[in-house]
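Asker: Let me give you the structure first, and then I'll get to my questions.
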Amino acid sequence: MKFSFKKVVAAALAATMTLGCVPAFATPSADPEVAVVIGETYDLTTGGGLFTKQKVTDNKVQTSTDGRFISDATIDGAGVNMKPDQGGLKLLTPGDADGCKLIITDGNEKDFKVSYNGKSETSNGVSVYKTGVIPANTVVTIEGNTTKGSTKISSIQVKTGASPTAFYSISGTVKVNGVAKAGIPVVLEGSDDVTNPNVTTGDDGSYTFEHVGNLEGVTVSIAATAEYFGASKEVPAPSANVTGVDFDLRIKETPKEISEPIKVDLIAGLTGANNEPLEEDVVIGGYFKVVGNGLLMRADNGSVYALEAGKREAGTLQFTTTKAFDIIIECSSTGDGTSNIAIIKSGTDYAATGTCQYSAVNTAFKAENIPAGTYTIGAPTNASSNTDKAVRLYSIKFVEAGQTKIADTAVKVGSDYTAVDAENTYIIHPVTEGEKEKNSLSLGNNKTAVAGTTTDTVYTAVQFGDSSTIKAADIGADTLYAVCVSGTNGAAPKAKFEWISE
């Protein structure tokens, strides 16, 4: 006898309903044996959270890596996805005599049901739902409660069920770039008893939260705006009125547009620990804005990650030019081999693509005749080699369009800079004021390639035959000193440059 799948399922559902049982796929039958912990917040996603990816149709029951949650629902990077009769989630409350409360985050803002000991409560479609006090050592079941889409339970925070025995205030002052600022919204999270969790600073920049319970720590935070960066501070459970929770917010700088040839050292002005993430909208060197996440500072070798390994376009540097330029980027790869890099107009619209080489000497990625506009520097989306390596950026130089026939004026060899044209290689050495006083400059006699000749003339720039000019100021030097010039295959170089004196 043959049955269709639909008929079999219908028959099974009818049988379970007749017997008064829970419908198929409703919740896992097993109960967790490890209790959740008061004060902890649990990440229920598959993207670094406690679960691995699965679908409800897989008919699997999965226990979280810490043993505290059991689910047979669809689980992905957004969390535990549940509709009625399509998977559930179970947890065990701790043995604390006062019980606990759960704060459940639903990224989809759909209705879900929380059940225990024959009781239930529903979320009514809010993004963050707080339960009542749930008794100790109780198995709690969470299920979808709407047919209009799945819940996406991304996290659950566990709080004590005890009531505070005393209440206090928390206060402070908010400044923006050192100046007290009125009208800034300040938010307190973590207290069920605070009179108002959302306050605004007064004329003197001050704020106060009243009636904060003494049992749990709280978080005071200020959201970022177009004017300033946000910030937050953790405040331990108070035992007295708390003052001095102050903020001095960093103002958001507007990047300058690039309208003339410049060279920017990307690490200059950055502070922080190695591998510290660079916050979105931070401006580097006055011209480049951090866009997205994944851009990291490298304090150990004076470089900036243009792209964290495996994230491709997740972190980029944005810039705007008002005229066409050639761009020379001093870069390297973080791993053996090469990493891909791109000048990105938008999406997969690339103005230029290339590679950065892993080596002792940094390489140069060049893009010629980039039209005026706004671009980001990152990696192309199909850059498979960037899945385990990242691009390191050191400096970015803009020269007038059509002037990069002299390649690579930004590439360092030790403390020197190299310039290369079709026939010759030039090594340029920056000179400090102290060195200049010794009159030890070499290579002179306009348009004549003479190596090793000492002269008293002070040179501030060198101009090559195609009109490209390297200025001392552009590479952070007072003057220039050429220590070596060589032609192709060791031949004598041709007269294709002239020194420019003060």
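Asker: Amide H neighbours of E40 under 5 Å, at least 5 residues apart or on other chains, H built in the peptide plane: list them.
Answerer: V158
Asker: What is the sum of charges, Lys and Arg at +1 and Asp and Glu at -1, for the other residues whose Cβ falls under 14 Å from the Cβ of K148?
Answerer: Value of the local net charge: 0.
Asker: List S221, S71 from most exposed to least, where exposure is judged by having the fewest other Cβ atoms within 10 Å.
Answerer: By the 10 Å Cβ count, ascending: S221, S71.
Asker: Let me ask something else. Given points 7 Å out from each Cα along the Cα-Cβ axis, report the T353 to D246 separation in nanometres with one decimal.
Answerer: Going from the T353 label point to the D246 one covers 5.2 nm.
Asker: For I38, what charge total do you get from the other residues with a beta carbon under 11 Å from its beta carbon, if Lys and Arg give +1 and Asp and Glu give -1?
Answerer: Here the charged neighbours net out to -2.
Asker: Out of residues 5 or more away from S155 or on other chains, whose amide H comes under 5 Å of its own, with H placed 1.01 Å from N in the peptide plane?
Answerer: L44, T105
Asker: Whose amide H sits under 5 Å from the amide H of Y228, counting only residues 5 or more places off or on another chain, with H placed in the peptide plane?
Answerer: K252
Asker: Let me ask you something else. Please give the residues of segment 69-83, grouped as numeric ranges, whose backbone N is less than 18 Å from a label point set 7 Å along the Cα-to-Cβ vector of T147.
Answerer: 82-83, by backbone N distance to the label point.
Asker: Between T200 and T65, what length comes free when the chain is fully extended (0.36 nm per residue of separation minus the Cα-Cα distance, one decimal in nm)?
Answerer: Length difference between fully extended and current span is 44.4 nm.
Asker: Find out how many positive minus negative residues lie around N196, taking Lys and Arg as positive, Asp and Glu as negative, among other residues whose Cβ is under 14 Å from that of N196. Working shown, then result.
Answerer: On the way: positive: none; negative: E189, D192, D193, E210.
That sum, taken over residues with Cβ under 14 Å, equals -4.
Asker: Can you find, among I38, L89, Q157, the residue farthest towards the positive end of the dipole of segment 5-160? Put +1 on the C-beta of Lys and Arg, -1 on that of Asp and Glu.
Answerer: Result: L89, furthest along the dipole toward the positive end.
Asker: Treating only the Cβ atoms of Lys and Arg (+1) and Asp and Glu (-1) as charged, compute the dipole magnitude of segment 167-249 about its Cα centre; round to the nearest 20 debye.
Answerer: Here the size comes out at about 180 debye.
Asker: State the extension gain, in nm to one decimal, for the chain segment bounded by E210 and S232, taking 0.36 nm per residue of separation less the distance between their alpha-carbons.
Answerer: Using 0.36 nm per residue and subtracting the Cα-Cα distance, I get 6.1 nm.
Asker: Beyond a 27 Å Cα-Cα separation, which of these cross-linked pairs lie in this structure: K152/K181; K101/K152; K130/K175; K60/K159; K55/K113; K181/K263? Display every interim value, and only then the final one.
Answerer: Details: K152/K181 38 Å; K101/K152 19 Å; K130/K175 33 Å; K60/K159 30 Å; K55/K113 20 Å; K181/K263 36 Å.
As for pairs spanning more than 27 Å Cα to Cα, those are K152/K181; K130/K175; K60/K159; K181/K263.
Read the figures in this text as sums done on the coordinates, not as results from a lab. What you are looking at is a predicted structure, and each value in this text was computed from that prediction instead of being measured. Using ideal geometry, Cβ is built from the backbone for each residue, glycine included, and neighbour counts are taken over all protein chains shown.
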